[in-house]
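Asks: Okay, here's the structure, questions in a sec.
The values are calculated or read from the model by the stated rules, or taken from the named source; none is laboratory data. Since this is a predicted model, take the numbers as computed values, not measurements. Here the Cβ positions follow ideal geometry from the backbone for every residue, glycine too, while neighbour counts run over all protein chains shown.
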Amino acid sequence: MRALPSKVNLEEKFSKVAEEIGRKTPRSRELHERALRVYPQGVTYALRHVDPYPVYINRGSGARVWDVDGNSYVDYWIGHGALFLGHRHPEIMRAIQEQLDYGTHFGFEHELAVEFAELLTKVLPSVEMLRFTNSGTEANHYAIRLARAYTGKKVIIKIEGGWHGGVEQLHYNVSYPYGGFESAGIPPDLERYIRTVPFNDLDAMEQALKKGDVAAIIMEPVLGGTAIPPNQGYLKAVRELAERYGALLIFDEVITGFRLALGGGQEAFGVNADIAVYGKILGGGLPIGAFGGPSDIMKLIDVRLPRNERAYHGGTFSANPLSLAAGMATVRFLMEHKSLYDEVNERGEFLRRKLAGICEENKLDIHITGISSITGIHFTRRKPTNHREAYEFRWLDGVEKLFVMYMRAKGNLIMSEKSPHPLLSVVHEKEHIQKLIDDFSNFLEFLTN
């Protein structure tokens with residue numbers, strides 16, 4: 001295997017791809033110029049800024065989206081991973097329309113909230129009670145608060161590179177090279193309550209626990225931004241360490257929930273968390289989040305308890321009926337069509353096998369990671385097992401961004417520019433995946449020519 005020589009002229013290749021994108025997307029460029037006057041960075045969310053400018057989507061259907069210039073793309077971002085059933089799935093659209101006839105928001109308790117929670121406690125391992133939020137970020141915020149209230153401890157251990165939304169105390173050592181908090185405006189004193197360790201490193205985990213006062217370990221069962229799966233037995237060992245040192249284990253299943261299996265990462269890996277956090281797929285394409293666990297932990301979320309005992313939770317749009325209608329339709333459909341998991345897992349494995357085969361044929365140091373419908377593409381000297389390695393092992397800066405731009409020019413939308421990880425939905429067919437494989441092969445030829 002070999003890496004590309006560092007003398008490869010990436011700038012020239014960037015220019016060629018940017019020129020092709022520019023010819024195809026003048027309307028997107030125009031909209032971005034307008035957006036720059038009303039949005040910081042010209043985008044509604046930092047992650048959506050891509051070079052040479054963002055793509056502006058007009059509509060979606062199934063595994064495809066169309067931009068404002070009329071270009072069609074196979075979508076491997078699929079709504080930040082939320083649209084596991086694809087764009088405009090008929091069952092979800094029907095459920096939303098039916099709920100619209102009754103109202104969009106009540107501000108009171110309603111029957112659908114009870115029904116959906118009852119359904120979720122039947123399919124989600126370890127979840128006996130839950131609360132809804134409006135996003136995975138909110139759910140993670142309340143999850144760590146609950147863990148501290150339950151244990152009486154203060155410190156949270158998280159994984160290097162682990163993304164749990166914009167929660168202040170979790171927005172720490174996310175980007176490589178690591179430098180603490182990822183934003184100004186976060187009091188540096190909070191650093192005393194957070195420790196980070198590499199994914200798949202049990203020794204580092206135990207050393208962090210030994211320092212004491214640990215309320216919880218929060219982690220994604222699969223490292224989301226880099227699509228790196230856990231080593232054999234890693235999650236089980238973390239579960240055992242948490243119990244040994246009196247800490248709760250929180251699984252952030254915002255990405256893995258309902259994607260790896262109906263019961264998410266807990267079901268897929270056979271390891272239960274004390275608190276599990278959900279979002280994305282749970283809402284069927286509408287804003288949602290949730291956190292849940294055993295009743296003895298969740299019962300602390302009761303405002304009738306003394307102030308120094310309870311863990312407060314609230315939110316104007318929590319359990320919004322439109323989001324719950326879309327979520328209920330999604331979960332019911334997956335329950336009734338469980339064979340879809342076998343199919344999408346098979347396609348994910350097919351994609352990874354073919355991409356790895358192309359790298360082997362070209363004798364290039366490019367490594368493919370992932371599990372189920374989550375795939376990571378790493379332009380690294382060795383196959384990474386954690387976030388730090390996914391960056392330290394890279395042999396040429398900028399290849400990832402060029403790859404994302406090239407794929408966009410050829411009709412495939414993949415994120416992110418820092419760490420490409422195509423996500424499959426149940427409506428990605430073999431022909432979609434074969435196009436991605438062919439375009440990947442063509443990219444390597446473009447890169448090395």
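Asks: Please go through segment 70-104 and give me each residue that is surrounded by 16 or more Cβ atoms within 10 Å (Cβ to Cβ) and more than 22 Å from VAL344 (Cβ to Cβ), ordered by number.
Replies: Those that are surrounded by 16 or more Cβ atoms within 10 Å (Cβ to Cβ) and more than 22 Å from VAL344 (Cβ to Cβ): ASN71, ILE96, GLN99.
Quick grid of which residues meet (1) among the aromatic types (Phe, Trp, Tyr); (2) assigned by TED's automatic domain parsing to the domain that holds PHE108:
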| residue | (1), (2) |
| --- | --- |
| SER318 | no, yes |
| SER323 | no, yes |
| GLY327 | no, yes |
| VAL331 | no, yes |
| ASN345 | no, no |
| PHE350 | yes, no |
| LEU355 | no, no |
| HIS367 | no, no |
| SER373 | no, no |
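Asks: Continuing with this model, one more query. Does segment 124-137 contain any residue that is in the same structural domain as VAL271 (by TED's automatic domain parsing), in a loop (DSSP other than H, G, I, E, B) and among the acidic types (Asp, Glu)? Quick ask: steps written out before the conclusion?
Replies: Our first condition is that a residue be in the same structural domain as VAL271 (by TED's automatic domain parsing); within segment 124-137, this holds for 124-137.
Checking which are in a loop (DSSP other than H, G, I, E, B) leaves us with 124-128, 134-135.
After this cut, where a residue has to be among the acidic types (Asp, Glu) as well, the list is 128.
Yes, segment 124-137 has at least one match.
Asks: In segment 250-278, which residue that is crowded, with 24+ Cβ neighbours inside 10 Å and β-branched (Val, Ile, Thr) is farthest from LEU170 (Cα to Cα)?
Replies: THR256
Asks: Separate question: Looking at ILE144, ILE159, ILE217, ILE194, which is the one that is touching a Leu at 6+ places or on another chain (Cβ under 6 Å) and surrounded by 18 or more Cβ atoms within 10 Å (Cβ to Cβ)?
Replies: Values: ILE144 fails: touching a Leu at 6+ places or on another chain (Cβ under 6 Å); ILE159 fails: touching a Leu at 6+ places or on another chain (Cβ under 6 Å); ILE194 fails: touching a Leu at 6+ places or on another chain (Cβ under 6 Å).
Going through ILE144, ILE159, ILE217, ILE194 in turn, just one is touching a Leu at 6+ places or on another chain (Cβ under 6 Å) and surrounded by 18 or more Cβ atoms within 10 Å (Cβ to Cβ): ILE217.
Okay, residues lined up against (1) at pLDDT 95 or above; (2) under 25 Å from PHE269 (Cβ atoms); (3) surrounded by fewer than 17 Cβ atoms within 10 Å (Cβ to Cβ); (4) hydroxyl-bearing (Ser, Thr, Tyr):
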residue: ARG382; (1), (2), (3), (4): yes, yes, yes, no
residue: ASP397; (1), (2), (3), (4): no, no, yes, no
residue: GLU400; (1), (2), (3), (4): yes, no, no, no
residue: VAL404; (1), (2), (3), (4): yes, no, no, no
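Asks: From the list HIS432, HIS428, which one is closer than 19 Å to GLU346 by Cβ, touching a strand residue (DSSP E or B) at 6+ places or on another chain (Cβ under 6 Å) and not assigned by TED's automatic domain parsing to the domain that holds LYS158? First the steps, then the outcome.
Replies: Values: HIS428 fails: touching a strand residue (DSSP E or B) at 6+ places or on another chain (Cβ under 6 Å).
Exactly one of HIS432, HIS428 is closer than 19 Å to GLU346 by Cβ, touching a strand residue (DSSP E or B) at 6+ places or on another chain (Cβ under 6 Å) and not assigned by TED's automatic domain parsing to the domain that holds LYS158, namely HIS432.
Asks: Being among the hydroxyl-bearing types (Ser, Thr, Tyr), out of contact with any Lys or Arg (no Cβ under 6 Å at 6 or more places or on another chain) and under 20 Å from PHE116 (Cβ atoms) is the requirement here; does SER339 meet it?
Replies: Considered against the rule, which asks whether it is among the hydroxyl-bearing types (Ser, Thr, Tyr), out of contact with any Lys or Arg (no Cβ under 6 Å at 6 or more places or on another chain) and under 20 Å from PHE116 (Cβ atoms), SER339 comes out as no.
Asks: Give me the pairs: first residue in segment 26-50 and at negative phi, second residue at pLDDT 95 or above and in a helix (DSSP H, G or I), beta-carbon distance under 6 Å, and six or more apart or on different chains, which are they?
Replies: Going by the 6 Å Cβ cut-off, the qualifying pairs are HIS32/GLY42; ALA35/GLY42; LEU36/GLY42; HIS49/GLN41.
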